[in-house]
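Presented below is the structure to which this report refers.
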Amino acid sequence: GPNLVIDMTNFDAPFLVAGNGSGGPYGAGTPRLDRWTVDLRQGRVRTRTLDDRPQEFPRVNESLVSRRHRYGYSAAAAEMVLAYQAVDGNPPPDRAFSNALIKHDLLRGTSQTHRLPRGAAASEAVFVPSDPCDERAAEDDGYAIAYVHNPDRGASDLVILAAQDFSGEPVARIHLPGRVPLGFHGSWIPDA
């Protein structure tokens with residue numbers, strides 16, 4: 001029958017807050033990549049975990065949002081689970097975000113990980129197509145870009161990864177003069 005498939009990061013109990021107001025998303029466990037398959041005729045939902053590693057900020061090639069896609073990208077704490085701990089109401093930025101980026105092949109059930117140096121913290125990876133006008137291009141023909149806090153410099157880098165060689169060395173690393181606060185969401189807007 002007709003199904004709606006939703007891939008998402010999922011918490012068991014998101015944003016669990018203690019009685020004193022402390023806590024945050026990781027107070028309720030870590031997010032994982034899940035797939036919800038909604039049977040629109042039967043009104044039922046099947047849930048399956050695709051990757052149980054702690055990860056957040058899932059993205060796909062923007063031209064395929066709400067359409068069938070093969071690849072997804074997320075930010076992950078690959079080396080260890082890093083707790084979200086509030087300090088004066090603010091999360092410590094180097095521990096609240098990820099130290100790796102993941103490219104998921106949702107068709108094959110595999111993934112590639114781009115590990116960052118110890119202490120580095122990445123924003124979400126935004127996919128940028130090599131040629132947005134080429135309708136025949138492979139879904140992952142492009143780049144994944146992310147801000148990465150470089151603790152050795154005390155500033156941020158814009159890291160550009162070849163999406164088809166995701167775990168390889170960056171294509172480019174642009175050293176920015178200061179720290180870019182790690183925000184939640186970014187977009188790539190091609191020059192018109």
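Structure data summary
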item: Highest to lowest packing among 42-55, 60-73, scored as the average C-beta count within 10 Å; result: 60-73, 42-55
item: Cβ-defined net charge surrounding G186, 13 Å radius [Lys, Arg +1; Asp, Glu -1]; result: -1
item: Theoretical FRET efficiency, 1/(1+(r/R0)^6), r = Cβ-Cβ of R70 and A155, R0 45 Å, to 0.05; result: 0.80
item: Net charge of Cβ neighbours under 11 Å - reference P31; Lys, Arg +1; Asp, Glu -1; result: -3
item: Gain in span if fully extended, R35 to L4, counting 0.36 nm per residue against the direct Cα distance; result: 10.1 nm
item: Modelled label reach - D12, point 7 Å along Cα→Cβ, region 56-73 residues with backbone N closer than 19 Å; result: 56
item: Protection-proxy order for peptides 162-169, 107-114, each taking the mean of Cβ atoms within 10 Å per residue, highest first; result: 162-169, 107-114
item: Summed side-chain charge close to Y147 - residues other than Y147 whose Cβ falls under 12 Å, Lys, Arg +1, Asp, Glu -1; result: 0
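Where a number appears in this text, it was derived from the coordinates with a stated rule and is not lab data. These numbers were taken from a predicted model, which means no experiment stands behind them. Because the Cβ atoms are built from the backbone with ideal geometry, glycine has one as well, and the counts that use them run over all protein chains shown.
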